[in-house]
Amino acid sequence: MVSDTVSYTGRIIEVDALSAEAQLVERAQAQDETAFEQIMHLYADRLYNYILRMVGNSADAEDLLQEVFLRAYQGLPSFDGRASLSTWLYRIATNLCIDYQRRRARRVQTVPYLAWEDEDGEVGHWESPDTQTPDPMEAALNRELQQVVEHAIRSLSPKLRTVLLLYDVEDLSYEEIARVLNIPMGTVKSRLNHARGQIQKQVEAYLRGESK
Amino acid sequence: MKCTRYERWLWDELEGRLGTAQAQELRAHLQVCPRCQRQWEAARATHQALRALPRYRAPQQLALQVRARIQETAAPKPEFVWWKRVALAPALGILAAAAWWGWLALNPDSTYSTETATAAHSVENWVEIHEQLEVADWSPTPTPSYFITTGYTQ
């Protein structure tokens, strides 16, 4: 009974959020600048994190994020609401990231994967994922493990990286990712398995003390 | 062969997608298979690390920057004012006339040459007419109309 209530309540919240989003989109389509700014406010952080991990440096990520919202603004009149706003925005972001990677690959043929900024590099504002970690040693180990995982993500091919980031980091569903990338759901699952497998291997090596 | 099946289950278990019976079977296998146990530890650490990756904030000035870019792209191109359009035709006419006069001033013989050419062309026509008249089969008394059209007198 409890689970039914929770599920029922959850669905209401979801429906409310969707209808609120639809209203926001309608207002933005009617040239309401405040509504468009609210959309930016809702999605800026999520898209920024996704783009940052896709391209590997904050300067380009910021430029691409601006471009995403510029294109969204220009494309709003033709947005028909068949896809959700988040799916649509992630699709724009993904296409821009892929274009960016192609351009970059042409310029730098020798770099196997995109460079990442140092820890001291200015990559936005740090938000600790777990502020309640009591043990400094454990926190340091977690931090080190995160670096291993971040490095492993960067070593993935763009196709695998996209799916992994959208599913495991950005929390999109298989269906949403299939719509963002315009690929079958089976392909999404297969790419996700491959991506996870590759990262898991590097983590396993780290846990066995094989990596630096 | 057996391990492959359990490897596939690791992430399902981490995401709570595995049924109770399968979860129990997996746990039993992990207790007797060190290789799968290592993979389980790695998968769990990877899963946790992915979920706990640091989140970054988008730049504070993003809204301002996007608005500036929207205005930049939406700014109308310089308009062609109507009075400029109206003034364009006479201005072009004056320019053309000035150019023609300038050309004439720089080439004073050009007028004479044109007149000479026109005169030469007229003479050629008259010569041709006379030659045709000379070879013509004359009747002893030309018709009055002939006198009128050519002015010929004999």
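The values are calculated or read from the model by the stated rules, or taken from the named source; none is laboratory data. Please read these numbers as outputs of a predicted model, since none were measured by experiment. Don't worry about glycine lacking a Cβ; one is built from the backbone with ideal geometry, like all the others, and counts go over all protein chains shown.
Each row is one residue, and each column tells you yes or no for (1) more than 10 Å from chain B (Cβ to nearest Cβ); (2) crowded, with 18+ Cβ neighbours inside 10 Å; (3) hydroxyl-bearing (Ser, Thr, Tyr).
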{"position": "A:Thr34", "(1), (2), (3)": "yes, no, yes"}
{"position": "A:His41", "(1), (2), (3)": "no, no, no"}
{"position": "A:Ala44", "(1), (2), (3)": "no, yes, no"}
{"position": "A:Tyr50", "(1), (2), (3)": "yes, yes, yes"}
{"position": "A:Arg53", "(1), (2), (3)": "no, yes, no"}
{"position": "A:Ala59", "(1), (2), (3)": "yes, no, no"}
{"position": "A:Glu67", "(1), (2), (3)": "no, yes, no"}
{"position": "A:Ala72", "(1), (2), (3)": "no, yes, no"}
{"position": "A:Leu76", "(1), (2), (3)": "yes, yes, no"}
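Of the listed requirements (1) under 19 Å from A:Arg196 (Cα atoms); (2) in a helix (DSSP H, G or I); (3) among the charged types (D, E, K, R), B:Arg17 misses just one: (2). Anything in segment A:73-90 that is among the aromatic types (Phe, Trp, Tyr) and within 12 Å of A:Leu24 (Cβ to Cβ)? List them, or say none. Matches in segment A:73-90: A:Phe79 only.
Taking the conditions exactly as written (without any contact (Cβ under 8 Å) to a residue 60 or more places away in the chain, surrounded by fewer than 17 Cβ atoms within 10 Å (Cβ to Cβ) and not assigned by TED's automatic domain parsing to the domain that holds B:Gly16), does B:Ala68 satisfy them or not? Yes, satisfied.
Among the residues of segment A:39-58, the one identified as assigned to a loop (DSSP other than H, G, I, E, B) and in contact with a helix residue (DSSP H, G or I) (Cβ under 7 Å, 6 or more places away or on another chain) is A:Gly56.
The lone criterion from (1) part of a helix (DSSP H, G or I); (2) at pLDDT below 90; (3) surrounded by fewer than 16 Cβ atoms within 10 Å (Cβ to Cβ) left unmet by A:Glu21 is number (3). Of all the residues in segment A:165-199, those that are farther than 21 Å from A:Val55 by Cβ, out of contact with any His (no Cβ under 9 Å at 6 or more places or on another chain) and either among the hydroxyl-bearing types (Ser, Thr, Tyr) or within 9 Å of chain B (Cβ to nearest Cβ) (or both) number 6.
Among the residues of segment B:29-72, not one is within 23 Å of A:Val149 (Cβ to Cβ), more than 7 Å from chain A (Cβ to nearest Cβ) and outside any helix (DSSP H, G or I). Being over 23 Å from A:Gln146 (Cβ atoms) and either among the aromatic types (Phe, Trp, Tyr) or crowded, with 17+ Cβ neighbours inside 10 Å (or both) is a property that holds for B:Leu26. Annotation note: Cβ proximity below 9 Å between a residue of segment A:147-160 that is more than 13 Å from A:His194 (Cα to Cα) and in contact (Cβ under 8 Å) with a residue 60 or more places away in the chain and a residue that is among the hydroxyl-bearing types (Ser, Thr, Tyr) and in a loop (DSSP other than H, G, I, E, B) (sequence gap 6+ or interchain) occurs for A:Val148/A:Ser211; A:Arg154/A:Tyr113.
Within the set A:Val188, A:Val123, the sole residue that is surrounded by 15 or more Cβ atoms within 10 Å (Cβ to Cβ) and either among the charged types (D, E, K, R) or at pLDDT 95 or above (or both) turns out to be A:Val188. Exactly one residue out of A:Leu192, A:Leu166 is in contact with a Phe, Trp or Tyr (Cβ under 6 Å, 6 or more places away or on another chain) and among the aliphatic types (A, V, I, L, M), and it is A:Leu192.
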